[in-house]
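S.K.: After the structure tokens below, expect a handful of questions from me.
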Amino acid sequence: MPTPTGTCAIPQSCSTGSVIDVEGLSFRYRSDQSGRPWTLDAVSFAVSSGEVLGIVGPNGSGKSSLLKLLAGILRPNHGRIQIAGLPISQLEPPVLARLVALVPQEFAQVFPFTVAETVLMGRFPHRRTGWWNLGMGDESETDLLVAHCAMVDTDVVALADRLVSDLSGGERQRVMIARALAQEPTILLLDEPMAFLDINHQIDICELIRRLNGERALTVVMVSHDLNVASQLCDRLVMLKEGRVCQTGTPAETIREDVLRTVYGCDVVVDAHPHTGLPRVTMPSVSGRL
Amino acid sequence: MANGHVTPSHLPAPSGDLSTTTPVPSLHEMKSQWHRTGAMLTRRRWGLVLTGLLLVSVGVIALCSQFGAVSVQLADVLAVLRHVLTTGSLDVSSLGTAGVIFLQVRLPRVLMGFLVGGALAAVGVTLQALLRNPLADPYVLGVSSGAALGASLAMLLGIGTTVMLLPLLPLFGFIGGLLALVLIYRLAQSQGRLPIYSLLLAGVILNAILTALIMFITSIMEPNRSAGLMAWLMGSLTAPGYPALAVIVIYVAFVSAVLMHKAQVLNVLTQGEETARSLGIDTERVKKQLYALTALITGAVVSVSGMIGFVGMVVPHAVRMMIGSDHRLLLPASALVGGMFLVVSDTIARTIFAPAEIPVGIVTALAGGPFFLYLLLWRKDRMI
């Protein structure tokens, strides 16, 4: 909780144990015409408190759908999801929004909102509005302080009065993360946070995620199609193939040539990163060259 | 940041106080800076903008009441006001024709124009946030046509001709507008998205079909009634009278209050469906409520003034450029500016060829159409 002194107090680490429990989760879109019976089929895994978990897999393997299920945006057909020990179906939307924050995939900003206004929207689930103030719901001191802390942590304070639509991709992604932090969640869900970003911004966002994980004791679940980013950033990975969990474990356990061959159906070269020793994926030599 | 290797071993040690690494300005400093730079809406800015617009609105109403086929002098207006306030009676025949024209014809017309313009602008703001599209407008999307068809049907059946049945006319407009809105949504939606071009295309087609149906209704009416219907369809504020005004006041006041209550929700809805849901909004329910409200107020307005186009698009767009997107201010400010816009447009419509009048819908379309084209051709970045 923020303190009124103007410094950002850090929430205490939650008791260890799993904060997200997914068991036997199956889901399909009503309009799905892929012919596959399930978009997600009997998916089970757990996320421990303070962990950075990556969900990886080929396109169409159900990564983003899984994240939306965790955010409560989609409802599962079978199986259960527990957030902080409570079934997600029993959590009221505003209560869930105070536990879980989602940074969706980038989409075009149509209306000219400033950075400060955008971050303050993250306070929506905490705000009390009603007929007595005609829904005006002024920002309270707490709202301002929490938003400000979120902007300090994501290094967007200097952009407060700029329009979100005028920012670069990396800056915009940091603003979206700041808005999610303003919800004061215990779990942060990120959908492809590094897609479309240049390498310098990718490094920025990676360091930011790690810093938030350390300083705010945030549990992070992120979807990424980039195996190298996932390998460097995540404590553990869940690898999906056609809606099923194919492999779970540390990057060293999941990013292996044999696993990737079964999941992606092609040969890749996996070696060790020269500094971290973590697995690194590259293409084999492209035929036709040399 | 110079070191690009991200590993758990490179983590900064968790510290209890961030101010050691980043200077955190005090809450007061930060607040005053945000207020100064306009980074966020403040109660002070809200009050100043709305008070200013309210005062200008009163001025515009007073000024525009003087112009028309018969010119009413400010002295006449003051005489009428003094007479009404001192005697408490609306009978001003003792003050001469100018006074009667002002109180019985000019004033209700100008007030109706203000209400209709304000309501259309508020509908525009709401639709734009709901469809996440700054080009949305009840007229362009065919909601107005749907409401007009509903109201035409009611008129064909003879509803709305007596004072008792007057409040029913907006309900027919509401049903027509709501059906049009549901149709347009179904037509334009593809894979859970509402692309602008399919939205506009669906609007064009729906407008064509609905207009044909309205034309059919006018063609089977008696000629003297159909001429009145045609004039109404082109958008007209001619002599509504106080009972109609009272009905519209009730509809507009109710819908405005609910919309103001939803201003924060509208803000969040502009950020996209997923974000809105992850912030705890039951988007399906809220969207249904807002669509119903939009159709209700459009139905009410169209049933008295016909199809007045582009107010709902031009006004919110211009206001947003000036005061930002926060709906807590954007919604009431757009309503006030929309009211003024229509009052001025109507003044032009009844004076430019005086003593003849042209439908006010022509004036707003000639002012708004080119603006719409400008956005469509040169501001593609703003509309995705």
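The values are calculated or read from the model by the stated rules, or taken from the named source; none is laboratory data. What you see is a predicted model; the values in this text were computed from it and never measured. Cβ coordinates were reconstructed from backbone atoms using ideal geometry, including for glycine residues, and neighbour counts include every protein chain displayed. Surface areas here come from the heavy atoms of the whole protein model, side chains and all, with no ligands, DNA or RNA. Shrake-Rupley method; radii C 1.70, N 1.55, O 1.52, S 1.80 Å.
S.K.: If you scan the range A:62-87, which residues turn out to be within 14 Å of chain B (Cβ to nearest Cβ) and either in a loop (DSSP other than H, G, I, E, B) or touching a Cys at 6+ places or on another chain (Cβ under 8 Å) (or both)?
M.R.: Selection gives A:71, A:72, A:73, A:74, A:75.
S.K.: Hey, any hits in the range B:119-126 for a residue that's of a type outside the set (A, V, I, L, M), open to solvent by less than 10 Å² (accessible area, probe 1.4 Å) and touching a residue at least 60 places away in the same chain (Cβ under 8 Å)? Walk me through it before giving the result.
M.R.: So the first thing to find is which residues in the range B:119-126 are of a type outside the set (A, V, I, L, M), and the list is B:124, B:126.
Restricting the remaining residues to those that are open to solvent by less than 10 Å² (accessible area, probe 1.4 Å) gives B:124, B:126.
This time we only want the ones that are touching a residue at least 60 places away in the same chain (Cβ under 8 Å), so: B:124, B:126.
Yes, some residue in the range B:119-126 is of a type outside the set (A, V, I, L, M), open to solvent by less than 10 Å² (accessible area, probe 1.4 Å) and touching a residue at least 60 places away in the same chain (Cβ under 8 Å).
S.K.: Would you check if there is a residue in the range A:203-223 being among the polar types (S, T, N, Q), over 13 Å from the mean Cα position of the chain (by Cα) and under 28 Å from residue A:260 (Cα atoms)? Talk me through it step by step, then tell me what you get.
M.R.: Of all residues in the range A:203-223, those among the polar types (S, T, N, Q) come to A:213, A:219.
Checking the rest, the ones that are also over 13 Å from the mean Cα position of the chain (by Cα) come to none.
No, the range A:203-223 contains no residue that is among the polar types (S, T, N, Q), over 13 Å from the mean Cα position of the chain (by Cα) and under 28 Å from residue A:260 (Cα atoms).
S.K.: Within the range A:101-116, can one find any residue that is part of a helix (DSSP H, G or I), at pLDDT 85 or above and either open to solvent by 20 Å² or more (accessible area, probe 1.4 Å) or polar (S, T, N, Q) (or both)? Working first, answer last.
M.R.: First, pick out the residues of the range A:101-116 that are part of a helix (DSSP H, G or I): A:115-116.
With at pLDDT 85 or above added as a condition, the list becomes A:115-116.
With the extra rule that they be either open to solvent by 20 Å² or more (accessible area, probe 1.4 Å) or polar (S, T, N, Q) (or both), the set shrinks to none.
No: the range A:101-116 contains no residue that is part of a helix (DSSP H, G or I), at pLDDT 85 or above and either open to solvent by 20 Å² or more (accessible area, probe 1.4 Å) or polar (S, T, N, Q) (or both).
S.K.: For the condition in a helix (DSSP H, G or I) and at pLDDT below 80, what is the one hit in B:30, B:1?
M.R.: Values: B:1 fails: in a helix (DSSP H, G or I).
Criteria check complete, one pass: B:30.
S.K.: Search the range A:146-191 for residues being touching a His at 6+ places or on another chain (Cβ under 8 Å) and closer than 21 Å to residue A:110 by Cα, and hand back the single one that is most open to solvent (accessible area, probe 1.4 Å).
M.R.: In this case the residue turns out to be A:168.
S.K.: Do we find that residue A:246 is closer than 17 Å to residue A:40 by Cβ, in contact with a strand residue (DSSP E or B) (Cβ under 8 Å, 6 or more places away or on another chain) and in contact (Cβ under 8 Å) with a residue 12 or more places away in the chain in this structure?
M.R.: On the way: closer than 17 Å to residue A:40 by Cβ: yes; in contact with a strand residue (DSSP E or B) (Cβ under 8 Å, 6 or more places away or on another chain): yes; in contact (Cβ under 8 Å) with a residue 12 or more places away in the chain: yes.
Answer is yes for this residue.
S.K.: If we keep just the residues of the range A:229-245 that are within 11 Å of chain B (Cβ to nearest Cβ) and over 15 Å from the mean Cα position of the chain (by Cα), which is least open to solvent (accessible area, probe 1.4 Å)?
M.R.: As a first pass, look at the range A:229-245 and keep what is within 11 Å of chain B (Cβ to nearest Cβ): A:229, A:231-235.
After this cut, where a residue has to be over 15 Å from the mean Cα position of the chain (by Cα) as well, the list is A:231-232.
Details: A:231: 1, A:232: 34 Å².
Checked the range A:229-245; the qualifying residue least open to solvent (accessible area, probe 1.4 Å) is A:231.
S.K.: Which residue is farthest from residue A:125 (Cα to Cα), if the candidates are limited to the range A:156-192 and must be out of contact with any strand residue (DSSP E or B) (no Cβ under 9 Å at 6 or more places or on another chain) and within 10 Å of chain B (Cβ to nearest Cβ)?
M.R.: Looking only at the range A:156-192, we keep the residues that are out of contact with any strand residue (DSSP E or B) (no Cβ under 9 Å at 6 or more places or on another chain), and these are A:156-158, A:165-172, A:174-175, A:178.
Applying the additional criterion that residues be within 10 Å of chain B (Cβ to nearest Cβ) yields A:157, A:165.
On the way: A:157: 22, A:165: 24 Å.
If we take residues in the range A:156-192 being out of contact with any strand residue (DSSP E or B) (no Cβ under 9 Å at 6 or more places or on another chain) and within 10 Å of chain B (Cβ to nearest Cβ), then A:165 is farthest from residue A:125 (Cα to Cα).
S.K.: Counting just the residues of the range B:241-300 that are touching a residue at least 24 places away in the same chain (Cβ under 8 Å) and on the phi > 0 side of the Ramachandran plot, which one comes out nearest to the other protein chains (Cβ to nearest Cβ)?
M.R.: Selected residue: B:272.
S.K.: Restricting the first residue to the range A:132-147 and requiring it to be closer than 17 Å to residue A:185 by Cβ, which pairs with a second residue that is modelled with pLDDT of 80 or more and assigned to a loop (DSSP other than H, G, I, E, B) meet a Cβ separation below 8 Å and a spacing of at least six or different chains?
M.R.: Note: pairs meeting the criteria are A:143/A:123; A:146/A:123; A:146/A:184; A:147/A:122; A:147/A:123.
S.K.: On to the next question. Which residue is least open to solvent (accessible area, probe 1.4 Å), if the candidates are limited to the range A:250-263 and must be of a type in the set (Ser, Thr, Tyr) and under 23 Å from the mean Cα position of the chain (by Cα)?
M.R.: Pass one, the range A:250-263, residues of a type in the set (Ser, Thr, Tyr): A:250, A:254, A:262.
When the remaining residues are screened for being under 23 Å from the mean Cα position of the chain (by Cα), the result is A:250, A:254.
On the way: A:250: 54, A:254: 0 Å².
Looking at residues that are of a type in the set (Ser, Thr, Tyr) and under 23 Å from the mean Cα position of the chain (by Cα), I get A:254.
S.K.: Does the range B:110-136 hold any residues that are polar (S, T, N, Q) and at the interface with chain A (Cβ under 10 Å from one of its Cβ atoms), and which are they? Break it down stepwise before answering.
M.R.: Going residue by residue through the range B:110-136, those that are polar (S, T, N, Q) are B:126, B:128, B:133.
B:128, B:133 - these are the residues of the range B:110-136 that are polar (S, T, N, Q) and at the interface with chain A (Cβ under 10 Å from one of its Cβ atoms).
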